[in-house]
Amino acid sequence: MSNKILWIAAPAMLALGLGLGYWFASTPQTSAPSTIPPKKSDILFYRHPMNPEITSPVPAKGEMGMDYTPVYAGDEQMNKAPIGTVKIDGVTTQNIGVRTTKAKEEAMSHIVRAVGRVDYDEQNMVRLHPKIEGWVEDMYVDKTGQWVKKDTQLLNIYSPQLVASQEEYLLALKNNKALEKSPIDTIRKGAEQLLKSSRERLKLFDFPAHQLLELDKTGRVKKNIHIHSPAEGIVMKIGARNGQFVTPQTEIYMIADLRTVWVYANIYEYELPWINEGDLVEMQLVGIPGRIFKGHLAYIYPYAESETRTIKVRLVFDNPELLLKPNMFADLTIHANPQSNEVVIPSEAVIRSGSRNQVFVVRDKGKFEPRLVTLGLESNGKIAVLEGLKAGEEVVTSAQFLIDSESKLREATAKMLESMSSDKQTSSSKMQMPQEITHD
């Protein structure tokens, strides 16, 4: 059976082969276009296929067996353009998605957001200490959170020291009355001076004016001294109780006026150039929904926090309704002052590599020049250019990394050409130098 199939298939295969041979023989053959190799004099040097900075004056192979690429004189004819300038045809420019925009001179604004903490206004805080030692009697304000007005009587203190000072004052008062008509001037002035010094001592002990006036009228020593509030505010702390012995080291009251509060916040270093004292600030709190409190930035502290690497700022807010309470957390929005007359470009146009910041400027149709720039403030996807670019110049905003790769290749080639040119000049100058003639 198999032999029969073989005898049938063999003639068929023979016929097919003869047909294909006849077809190839009758079809006119078109040779592939041949490229005329460049003259040896046209090749400047050979460049590594993977690293353009590695070159060779003669043909060579790389580590992976790839041939070095020849560089011809016609590839480096952009002598008038800056080093690294790239020229790309329109089709390629469209295919790689190159987009451009013009640098504009405009004002830049910025909003700084932070979390703050409400605190006391230190300028409106009073820490009350007695200037005498004694025992507390008759406390009139004994609860924290109470609102007190200025000169409100807080408590009484019995002080033996103050009792003795009152007795001295009464003796000096009587002595002055007895000697006020003395014909001897020194005795009369001495009595007046003694009365003055004893009165001054009572004032230095914070002896109230109304008690001193009563002491003058009645001539009777007061057992207790009245302690009055030196300012208006809320009693935040009470450091003594009825019957307690107190000294000048005892803080008997802490009173704070919360009609103005301070808010502390931390600002990151990169946002520090934007903010200034006097900037408008808006504040919102979870505990007071729907309300926006307006204040201002009062102070920027002259040091950075070592742990968070942030800079602390102090904000001031009016609090007439006493809604803002110390230690509340708040969301802050600082409206930084606009920076005017800045040359601004999109942030995406900048190629950042280490300490270099570069953009590609459109010099002509399809011609892109690399340009180093000095950058300023950045906000909302835009960045200010301090040096290297003028308003109205057109920069590349997309596909600039592809252009940058080609630019680096051309820059490396240009450096190689300069090196070769300098070597030729050096060898030529050596050949033209007269040889020194020596005489036997």
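The values are calculated or read from the model by the stated rules, or taken from the named source; none is laboratory data. These numbers come from a predicted model, not from an experiment. Positions of Cβ are backbone-derived with ideal geometry, glycine not excepted, and every protein chain shown enters the neighbour counts. These accessible areas exclude ligands, DNA and RNA; they are computed on the full protein's heavy atoms, side chains included. Shrake-Rupley method; radii C 1.70, N 1.55, O 1.52, S 1.80 Å.
Scan the range 244-270 for residues that are open to solvent by 50 Å² or more (accessible area, probe 1.4 Å) and in a loop (DSSP other than H, G, I, E, B) and jot them down.
Listed by number, the residues that qualify are 244, 248, 249, 259.
Per the conditions (1) crowded, with 18+ Cβ neighbours inside 10 Å; (2) within 21 Å of the chain's Cα centre (by Cα); (3) farther than 15 Å from residue 273 by Cα, the sole criterion not satisfied by residue 383 is (3).
Please indicate, with yes or no, whether at least one residue in the range 74-92 is at pLDDT 90 or above, under 43 Å from the mean Cα position of the chain (by Cα) and outside any strand (DSSP E or B). No, because not a single residue in the range 74-92 is at pLDDT 90 or above, under 43 Å from the mean Cα position of the chain (by Cα) and outside any strand (DSSP E or B).
The single residue among 94, 166, 161 that is free of Cβ contacts under 8 Å to residues at least 60 places away in the same chain and crowded, with 19+ Cβ neighbours inside 10 Å turns out to be 166. Candidates in the range 271-311 are the residues that are open to solvent by 90 Å² or more (accessible area, probe 1.4 Å) and of a type in the set (S, T, N, Q); of these, the one that is farthest from the chain's Cα centre (by Cα) is 284.
Here's the yes/no breakdown for (1) modelled with pLDDT of 85 or more; (2) among the charged types (D, E, K, R); (3) open to solvent by 30 Å² or more (accessible area, probe 1.4 Å); (4) out of contact with any Phe, Trp or Tyr (no Cβ under 7 Å at 6 or more places or on another chain):
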{"residue": "337", "(1), (2), (3), (4)": "no, no, yes, yes"}
{"residue": "347", "(1), (2), (3), (4)": "yes, no, no, yes"}
{"residue": "387", "(1), (2), (3), (4)": "yes, yes, yes, yes"}
{"residue": "399", "(1), (2), (3), (4)": "no, no, no, yes"}
{"residue": "405", "(1), (2), (3), (4)": "no, no, yes, yes"}
{"residue": "408", "(1), (2), (3), (4)": "no, yes, yes, yes"}
{"residue": "414", "(1), (2), (3), (4)": "no, no, no, yes"}
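The number of residues in the range 206-229 being touching an Asp or Glu at 6+ places or on another chain (Cβ under 8 Å) and either more than 25 Å from residue 326 (Cβ to Cβ) or in a loop (DSSP other than H, G, I, E, B) (or both) comes to 5. Within the range 313-333, the set of residues being open to solvent by less than 50 Å² (accessible area, probe 1.4 Å), closer than 21 Å to residue 122 by Cβ and in a strand (DSSP E or B) comprises 313, 314, 315, 316, 317, 330, 332. Taking first residues from the range 291-315 that are over 16 Å from residue 117 (Cα atoms) and partners that are not in a loop (DSSP other than H, G, I, E, B), the Cβ contacts under 6 Å between residues at least 6 apart in sequence or on separate chains come to 304/311.
Residues checked against (1) over 30 Å from residue 317 (Cβ atoms); (2) touching a strand residue (DSSP E or B) at 6+ places or on another chain (Cβ under 6 Å); (3) not hydroxyl-bearing (Ser, Thr, Tyr):
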| residue | (1), (2), (3) |
| --- | --- |
| 187 | yes, no, yes |
| 197 | yes, no, no |
| 213 | yes, no, yes |
| 217 | yes, no, yes |
| 224 | yes, yes, yes |
| 233 | no, yes, yes |
| 249 | yes, no, yes |
| 256 | no, yes, yes |
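Residue 197 fulfils the conditions (1) within 13 Å of residue 253 (Cβ to Cβ); (2) of a type in the set (Ser, Thr, Tyr); (3) assigned to a helix (DSSP H, G or I) except for a single criterion, (1).
Out of the residues in the range 106-123 that are acidic (Asp, Glu) and either surrounded by fewer than 14 Cβ atoms within 10 Å (Cβ to Cβ) or within 15 Å of residue 330 (Cβ to Cβ) (or both), which is modelled with the lowest pLDDT? Top of the filtered list is 122.
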